[in-house]
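Colleague: Handing you a structure now.
What follows draws every value from the coordinates through simple rules; no lab data is involved. Since the model is a prediction, treat every value here as computed from it, not as a measurement.
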Amino acid sequence: MVWTPFLNYLLLEKKYSKHTVQAYKKDIESFACFCLEEYEVPSIDNIEYVLIRSWVVNLVKDGLENRTINRKIASLKAYYKFLLRIEAIEISPLAKHKALKVSKKIEVPFSEEEMQKVLGQIVYPEGFEGVRDKLIIDLLYATGMRRAELIQLKCSNVNLEERSLKVLGKRNKERVIPILESTVDLFSQYFAERKELACVKDVNHVFLLKTGNKLYETLVYRVINGYFSKVSSKVKKSPHILRHTFATHLLNKGADLNSVKELLGHSSLASTQVYTHNGIEELKKVHASAHPRGGKI
């Protein structure tokens, strides 16, 4: 297998994160292991589609969702596309593969009322952790940044005077996001509490644990889920729903789709347009009130 050149290609040319590259590697290794154990095929570079089809059937039997299987196949497809590029193969075994059908996930954003309750009515614990938790929620809602972007945010990229943040997004793409005055105030409170920590082991990143170490992903989820469970009965309460909420609320208020795309760090409008369907009820109201025949039979 052409491992090193392929992984370097993903890291250096495609600008994928190390986490993403590891996910690709894990998927492809899983398939390679299947071919070796089930069919005694030592290399997956030159194989027939029937082996991939057999792997898919096996994954279905193991209870994996179609969405997960499609992701694994996407990793394989990227590998064979690379082999085509370096002329190691003449045709991809996945050339005629069709992705498995998946049901569209309905992600319900938080309402403006729920956001007001979490940021304006709930009493947060005094001290470092309370201020930090409120800033995390406020920042995710006010900017639409991803959880990973929040965790990786560096102190040097926070400009409170200019009211802006420099965020490192997917494929190492940088973007500058404006922040609200209320968020600036929370940042000031947080940095004041941060200075009072007994030991700051990570001086570069903004968000820390009380121990002074860098924040981790599951804690961000627990913060969001914990506080929103007090005000919302929605099944899914996660950092991504806050990103979803940010985009939906902006679009509902008439924000330009291209502007929302830039704020979210999407590479194409197609990614941003998934949020537009949530505003259909709001659009109906606007249409009915603005159209000359609105409300008429």
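Colleague: Would you mind estimating how fast the chain diffuses translationally, via Stokes-Einstein at 25 °C and 0.890 mPa s with the Kirkwood radius over Cα pairs, in µm²/s? Mind showing how you got there, number by number?
Modeller: Numbers: Rh = 22.3 Å.
My calculation gives 110 µm²/s for D.
Colleague: Follow-up question, since we're still on this one. Output ³J(HN,Hα) for the range 207-217: one whole-Hz value per residue in order, computed from phi by the Karplus curve 6.51 cos²θ - 1.76 cosθ + 1.60 with θ = phi - 60°, and x for Gly and Pro.
Modeller: Once θ is set to phi - 60°, the couplings for the range 207-217 become 8, 10, 7, 5, 6, x, 8, 5, 5, 10, 4 Hz.
Colleague: Please report the relative contact order for the chain, taking Cα pairs under 8 Å with a sequence separation of at least 6, and give it as a percent rounded to a whole number.
Modeller: Details: 301 pairs, mean separation 47.3, N = 297.
Once divided by the residue count of the chain, the mean separation gives 16 percent.
Colleague: On to the next question. Treating the angle as unsigned and between 0 and 90°, give the value, to the nearest 10°, between the Cα long axis of helix 239-252 and the longest Cα principal axis of the chain.
Modeller: For helix 239-252, the angle is close to 70 degrees.
Colleague: Oh, and also: Given C-alpha coordinates of the range 3-85, what is the ratio Rg to Rh with the Kirkwood estimate of Rh?
Modeller: Values: Rg = 12.8 Å, Rh = 13.3 Å.
Radius of gyration relative to Kirkwood radius: 0.96.
Colleague: Leaving out same-chain residues fewer than 8 places away, which aspartates and glutamates sit with a Cα under 17 Å from that of K101?
Modeller: Leaving aside aspartates and glutamates fewer than 8 places away in the same chain, those within reach of K101 are E65.
Colleague: Distance cut-off 25 Å, Cα to Cα: go down the list K98/K173; K14/K72; K25/K96; K18/K253 and report the pairs above it.
Modeller: Details: K98/K173 31 Å; K14/K72 18 Å; K25/K96 23 Å; K18/K253 37 Å.
Listed pairs above 25 Å: K98/K173; K18/K253.
Colleague: Could you tell me the relative contact order of the range 118-167? Use alpha-carbon pairs under 8 Å, at least six residues apart, and round to a whole percent. Walk me through the numbers on the way to the answer.
Modeller: Details: 22 pairs, mean separation 10.1, N = 50.
Over the range 118-167, the number comes to 20 percent.
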